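This report concerns only the one structure given below.
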Amino acid sequence: MRTQIEADLLLQNLMLVAEAMGLGAWIHASVSPPVLLGDPKFKGQFGPMLGFDFVTPPFKPADLLRWMVPLPKYANLRANPVGLKVNGEQLIKCKCPPYYGSMAEAVDEVVRLKFGSGGVYQDHATFGRIYKDDYGERYLKEAPGYRDEVIACARDICTYIHETHGRFPAHVDAIHVPGVWIQVHHPDQAYYDRFFRDGLTDAHRAHDALWH
């Protein structure tokens with residue numbers, strides 16, 4: 001539930017943006033996220049839906065106590081969405097197996113993307129465009145690469161989680177999909193004029209002229 005709060009706040013902000021643009025918007029519940037992504041335990045009933053890639057960790061006797069998984073045939077209770085491939089192209093790829101041979105490799109890839117050749121923190125030109133004066137260079141100097149022992153610690157922790165629980169992360173899905181959505185639309189001005197007093201704002205009435 002805690003992971004839902006940020007999504008709810010973002011949707012509230014989008015509602016305010018829609019209102020300012022003269023659009024209608026409402027927040028509503030969605031299809032259950034596992035069903036929507038194509039969780040293997042729901043495919044038989046609902047089909048592949050969005051067709052995300054899932055990893056189902058192998059059953060271990062300890063799962064009975066850890067996760068309340070009673071038998072190996074129910075191992076897909078802990079299926080984990082990790083990626084999305086469309087027409088042969090990998091659009092989403094989480095930093096975990098099966099896309100990497102090990103969690104150690106995944107950690108090394110994160111470090112490379114941040115501090116390696118062509119990494120985010122090697123892009124002085126971009127930081128120069130973001131910050132005024134020499135603040136971009138100062139920022140990069142204050143964000144040095146990780147020490148070797150920090151990287152080694154991250155490798156060990158991530159490896160332990162994956163080897164112990166058969167998936168990464170252990171307790172939450174690698175791809176989080178909130179169970180709420182926002183729908184944005186053009187209000188039916190004739191409807192509101194017929195049935196409501198002050199049902200539309202000036203922004204609603206001026207939307208077409210300002211945005212189309």
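Laid out as a table, the results:
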item: Hey, Gln189 touching a helix residue (DSSP H, G or I) at 6+ places or on another chain (Cβ under 8 Å) and closer than 28 Å to Leu23 by Cβ or not; result: yes
item: Considering residues of the range 175-212 that are under 32 Å from the mean Cα position of the chain (by Cα) and among the aromatic types (Phe, Trp, Tyr) only, the residue surrounded by the most Cβ atoms within 10 Å (Cβ to Cβ); result: Trp181
item: Members of the range 71-92 found to be part of a strand (DSSP E or B) and open to solvent by less than 80 Å² (accessible area, probe 1.4 Å), listed by number; result: Asn80, Pro81, Val82, Gly83, Leu84, Val86, Gln90, Ile92
item: Some residue of the range 121-141 being surrounded by fewer than 14 Cβ atoms within 10 Å (Cβ to Cβ), in a loop (DSSP other than H, G, I, E, B) and touching a residue at least 60 places away in the same chain (Cβ under 8 Å); result: no
item: Condition met for Val184 (over 28 Å from Asp53 (Cβ atoms), outside any helix (DSSP H, G or I) and touching a residue at least 40 places away in the same chain (Cβ under 8 Å)); result: yes
item: Ala106 being of a type in the set (A, V, I, L, M, F, W, C) and open to solvent by less than 30 Å² (accessible area, probe 1.4 Å); result: yes
item: Residues (of a type in the set (S, T, N, Q) and open to solvent by less than 90 Å² (accessible area, probe 1.4 Å)) located in the range 1-53; result: Thr3, Gln4, Asn13, Ser30, Ser32
item: Test result for Tyr160, aromatic (Phe, Trp, Tyr), in a helix (DSSP H, G or I) and within 30 Å of Leu65 (Cβ to Cβ); result: yes
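The values are calculated or read from the model by the stated rules, or taken from the named source; none is laboratory data. For clarity, every value in this text was computed on a predicted model and none was experimentally measured. Heads up, the Cβs are rebuilt from the backbone with ideal geometry, glycines too, and the neighbour counts pull from every protein chain shown. Please note that ligands, DNA and RNA were not included when accessible areas were found on the heavy atoms of the full protein model with its side chains. Shrake-Rupley method; radii C 1.70, N 1.55, O 1.52, S 1.80 Å.
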